[in-house]
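The values are calculated or read from the model by the stated rules, or taken from the named source; none is laboratory data. Small disclaimer: the values here were computed from a predicted structure and weren't measured. Positions of Cβ are backbone-derived with ideal geometry, glycine not excepted, and every protein chain shown enters the neighbour counts. These accessible areas exclude ligands, DNA and RNA; they are computed on the full protein's heavy atoms, side chains included. Shrake-Rupley method; radii C 1.70, N 1.55, O 1.52, S 1.80 Å.
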Amino acid sequence: MRYFVTGSTGFIGRFLLAELLKHDDAIIYALVRPGSESRLQQIAADLQAEDGRIVPVHGNLTQPALGISAQDLAQLRSRIDHFFHLAAIYDLKNTDAVAQERSNVQGTRNAIAAAEAMQAGCFHHTSSIAVAGTYSGRFDESMFEQATGLDDPYFRTKHLAEKCVREECSIPFRLYRPPMVAGHSQTGAMDKIDGPYFLFKIMQQLHDRLPRWFPLIGIEGGQFNIVPVDYVVQAMDVIAHQPGLDGQCFHLTAERHYTLGELLNLVAEVADAPAFSLQIPNRWIQGWPLQLMSRIGQLKPVQVLLAKVLKALDLPHSALGFVTYPTTYDRSNTAAALAGSGIAPPLLEDYLATLWHYWSEHLDPDRKSRAFVRQLSTNA
């Protein structure tokens, strides 16, 4: 079995390589920019991949047909069984709309062109639940055009990228929509602060400043769906190798959604921080006059305070857009495709402590200073 993978050195991509290598006959061709081969070589070494099982192919996401040479395209023609397109931009702290358009939309077009030139057996597109925008209610796997609120550059470009696949791809394709992807459920391994990890710093600060018993008041907030990276790649692998699923879409989401308030309290438990014992229902906030809310937000003291809070917690301003996220996701098609495989999304409660410990040891920007303070306390 031969695979082609874009985004192989990214977070999900590295774990997908590990999953695909479990197929004894797997040979993986991975797109790499010239000069970046060392990253792929290190991943291959970490995975203990035998020579020749992970093969670099020079190219660039932003170039026509991924910038792959005519010679390489000819050599790969009719040899690729599965083409996995994972490369994209997602960074809440640097929401450059032009860069996201170039990578997420045009990059997908370029990947489609390369897969077609290779005459790949199936084009597997890693989309996102973001294609739904801010749709209010339950969004199922058959829905696409019903998306609303696509003003955010990431939402818009992921929606347009999936549209490219749906309307322009001439070879068989399958669509995968993961939600927020957290670290590995068994090891906690993660490579950046993202998604639910923004809440970790909030709860760490509360742990440092308030006693565990102190009652807090919060808001119910929007809906969050979180899965570990190992579930995402295992599900993709199983679904990709099943016959008869071409043209279908799969929500790689968890069964359960969590409100912001529920999620904060789960993190509070693992962080040994005070919980939000009283949560203001969304319907109360939604009843406030929009003009009043807008005017409060425009007040200079409020803006200055908000900027200071976001900086102190290492949060991007755009993260506030997820506070009242209104969409939930149906995963019936995915559940049917995975039936009998033993692959299912684990409960967040079962691995959240693992994520917390990995974050505190490897990702927390204050981990060195906190470790120094702990050492001083131990020696005192």
Can you give the accessible area of residue 102 in Å² (nearest 10), computed on protein heavy atoms with a 1.4 Å probe? 110
Over the chain, what is the relative contact order in whole percent, taking alpha-carbon pairs under 8 Å and six or more residues apart? 17
With Cβ to Cβ distances under 11 Å as the rule, what net charge do the other residues near residue 335 carry (K, R +1; D, E -1)? -2
Would you check the accessible area of residue 140, probe 1.4 Å, heavy atoms only, in square angstrom rounded to 10? 50
Tell me, what is the percent relative contact order of the range 131-228, built from C-alpha pairs under 8 Å that lie six or more residues apart? 25
Check residue 124: other-chain or 5+ apart residues with amide H under 5 Å from its amide H, H built from backbone geometry? 83, 84, 85, 174
Over the range 21-153, what is the relative contact order in whole percent, taking alpha-carbon pairs under 8 Å and six or more residues apart? 22
Classify the chain from the C-alpha gyration tensor, please: rounded if a/c falls under 1.5, else prolate or oblate depending on whether a/b exceeds b/c. prolate
Gaussian network model of the chain, Cα within-10 Å springs - most flexible of 52, 183, 13: 52
Lysine pair number, Cα distance threshold 21 Å (strictly under), the chain, separation 8 or more or different chains: 15
Surface per residue (accessible, 1.4 Å probe) for the chain, Å²: 48
Amide H neighbours of residue 218 at under 5 Å, excluding residues fewer than 5 places away on the same chain, with H built from the backbone geometry, are 278, 279, 280
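Please sort 343-353, 259-269 by packing, taking for each peptide the average over its residues of neighbouring beta carbons within 10 angstrom, highest first.
Details: 343-353: 16.9, 259-269: 20.5.
Packing proxy ranking, top to bottom: 259-269, 343-353.
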Given charges of +1 on the Cβ of Lys and Arg and -1 on the Cβ of Asp and Glu, with all other atoms neutral, how large is the dipole of the range 67-164 about its Cα centre, in debye to the nearest 20? 180
For residue 52, what charge total do you get from the other residues with a beta carbon under 13 Å from its beta carbon, if Lys and Arg give +1 and Asp and Glu give -1? -1
